[in-house]
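The values are calculated or read from the model by the stated rules, or taken from the named source; none is laboratory data. Since the model is a prediction, treat every value here as computed from it, not as a measurement. All Cβ positions, even for glycine, are placed from backbone atoms using ideal geometry, and neighbour counts span all protein chains on display.
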Amino acid sequence: MIHLLLSHLAPALSSLTGGFGGGSLLFIHWNPDVVAFTIGSFGIRWYSLCWCIGLLSVFLLEQRLFKEQKIPDEKFEPLFLYSFLGILIGARLGHCIFYEPEYFLTSGKHLIEMFLPIRFLPDGSWKFIGYTGLASHGGTIMFIFALWLYSRRTKIPFLTVIDNIGIVTPLCACAIRMGNLMNSEIIGKPTDVPWAFIFEQIDNVPRHPGQLYEALAYLLFFFVGWWIYRRRPQRVGTGFFFGLCIFLIFTFRFFIEYTKEVQVSFENGMLFNMGQLLSVPFILVGGYWVWRGAKTQVNK
């Protein structure tokens, strides 16, 4: 898999250009093929592949946590389905409701497009376009709800479920942001930093690679959470790891938004964009559970 990734990235990284005004700074030209490989006439996109890699990584690590905590295998098996559906449905609805309500909530056809990966055309026909809008805040909300349903079904304490998920989730978030990078989407604002990316599918302007910033940060957060877990496994079930996960991710998300272009026009002129406003409740909830989990007495 690493060899496949490098073989596709090589052309994207092969050319460099001078900075603003003909200066000596070097920028990275970024124009990878959005399709990772094809099977017959069917193309597998990098974004989908990154999602699958992230989910598979989380699945395997979560399975390891369950074994270490001696939770029966039959209780682990439904977790993937609950998680996948919760994230996908929530992320899709979150994008439609938070970022494009003026489109998706104005007609019955547009309402159908919220749930099905299609777009109705003016002539009455339709075409498959995939889910072109997914919002992490909506995905997180529905994900937590899905985990609550899973907890009720399996009788595993809810705090144990979300703590285990909190340990491994940043790894999946990292993979998703790498998918955004491969798609040249969620681009950053213009900059003259030497590591700026020129997203050739968008324009010829050097920009912050905000997707890469987030991917690297989330990878670091995973290692931080995993390191704490290996030394304080008894904290699972207190809410500490759940709180740490969402506090770190959404605090970083709040500040990284300053390097990103606005995603929808109504954000122009806002003091805080939609991503920042939606992050604040998660930061507060996460901070509370870190504090509460750290104060909870646990058996040593």
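I'd like to know if the stretch 68-77 contains one or more residues that are touching a Leu at 6+ places or on another chain (Cβ under 7 Å), touching a residue at least 24 places away in the same chain (Cβ under 8 Å) and not acidic (Asp, Glu).
Taking every residue of the stretch 68-77 in turn, none turns out to be touching a Leu at 6+ places or on another chain (Cβ under 7 Å), touching a residue at least 24 places away in the same chain (Cβ under 8 Å) and not acidic (Asp, Glu).
For the stretch 103-135, give me the residue count where each residue is part of a helix (DSSP H, G or I) and surrounded by 11 or more Cβ atoms within 10 Å (Cβ to Cβ).
9
Conditions first: (1) within 21 Å of residue 58 (Cα to Cα); (2) of a type outside the set (Val, Ile, Thr); (3) at pLDDT 95 or above. Residue 253 passes all but one, so which condition is the exception?
Every condition holds for residue 253 apart from (3).
Being out of contact with any strand residue (DSSP E or B) (no Cβ under 7 Å at 6 or more places or on another chain), within 28 Å of residue 68 (Cα to Cα) and surrounded by fewer than 19 Cβ atoms within 10 Å (Cβ to Cβ), is that true of even one residue in the stretch 195-215?
Looking through the stretch 195-215, none of the residues is out of contact with any strand residue (DSSP E or B) (no Cβ under 7 Å at 6 or more places or on another chain), within 28 Å of residue 68 (Cα to Cα) and surrounded by fewer than 19 Cβ atoms within 10 Å (Cβ to Cβ).
Exactly one of these conditions fails for residue 205: (1) among the aliphatic types (A, V, I, L, M); (2) over 18 Å from the mean Cα position of the chain (by Cα); (3) within 30 Å of residue 243 (Cα to Cα). Give me its number.
(3)
Take the residues in the stretch 155-192 that are within 18 Å of residue 82 (Cβ to Cβ) and surrounded by fewer than 18 Cβ atoms within 10 Å (Cβ to Cβ), then tell me which one is nearest to the chain's Cα centre (by Cα).
Applying the filter and picking the extreme gives 158.
Would you mention how many residues in the stretch 28-86 are more than 22 Å from residue 218 (Cβ to Cβ) and among the basic types (Lys, Arg)?
Of the residues in the stretch 28-86, 3 are more than 22 Å from residue 218 (Cβ to Cβ) and among the basic types (Lys, Arg).
Just to check your reading of the model, which residue among 220, 244, 248, 277 is surrounded by fewer than 21 Cβ atoms within 10 Å (Cβ to Cβ) and at pLDDT 95 or above?
Values: 244 fails: surrounded by fewer than 21 Cβ atoms within 10 Å (Cβ to Cβ); 248 fails: surrounded by fewer than 21 Cβ atoms within 10 Å (Cβ to Cβ); 277 fails: at pLDDT 95 or above.
Criteria check complete, one pass: 220.
Considering only the stretch 186-206, state which residues are part of a loop (DSSP other than H, G, I, E, B) and of a type in the set (A, V, I, L, M, F, W, C).
186, 187, 193, 195, 196, 202, 205
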